[in-house]
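Peer 1: Structure incoming, see below.
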Amino acid sequence: NRSSIIVDASNYIQQLKQKIEKLNHDIQSADHHHHRQQLPVVTVETLEKKGFLINIFSGKNCPGLLVSVLEAFEDLGLNVVEARASCSDSFRLQAVGSGEEGEQQTIDPQVIKQAVLQAINDWDG
């Protein structure tokens, strides 16, 4: 009786291990697909201290895109306070921006997002 319980438990554990392996494989495949994504993903969040957090990710290298995005910020009157960029295998930009004094409330996060997306569309990479 005890041995059959142990065998059943062992079989159940083996099934769980197989399910975990399959789930991990599915996650890796989805993650790999996400990183190969060609279109950049853009998010803009309003920060409490009157600024914006802008994130841009593309699964491919985009030479020159950083310059286009920074020009879009400049056109909006958005000052980059802090930024992290990576342009090696993929393109990533995380920037904290703020409007000029007195203009802070006039910049809408959607306007920033649309300007960045337009810069990406205009970029001739």
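Peer 1: Do we find that residue 93 is touching a strand residue (DSSP E or B) at 6+ places or on another chain (Cβ under 9 Å) and open to solvent by less than 60 Å² (accessible area, probe 1.4 Å) in this structure?
Peer 2: Details: touching a strand residue (DSSP E or B) at 6+ places or on another chain (Cβ under 9 Å): yes; open to solvent by less than 60 Å² (accessible area, probe 1.4 Å): yes.
Criteria met by residue 93.
Peer 1: Right, next: Would you check if there is a residue in the range 61-75 being surrounded by 13 or more Cβ atoms within 10 Å (Cβ to Cβ), over 16 Å from residue 113 (Cβ atoms) and in contact with a Ser or Thr (Cβ under 6 Å, 6 or more places away or on another chain)?
Peer 2: Looking through the range 61-75, none of the residues is surrounded by 13 or more Cβ atoms within 10 Å (Cβ to Cβ), over 16 Å from residue 113 (Cβ atoms) and in contact with a Ser or Thr (Cβ under 6 Å, 6 or more places away or on another chain).
The values are calculated or read from the model by the stated rules, or taken from the named source; none is laboratory data. Computed from a prediction, not measured in an experiment: that's the story for all the values here. No Cβ is skipped: glycine too gets one built from the backbone with ideal geometry, and neighbour counts run over all protein chains shown. Only protein heavy atoms, including side chains, enter the accessible area calculation; ligands, DNA and RNA are left aside. Shrake-Rupley method; radii C 1.70, N 1.55, O 1.52, S 1.80 Å.
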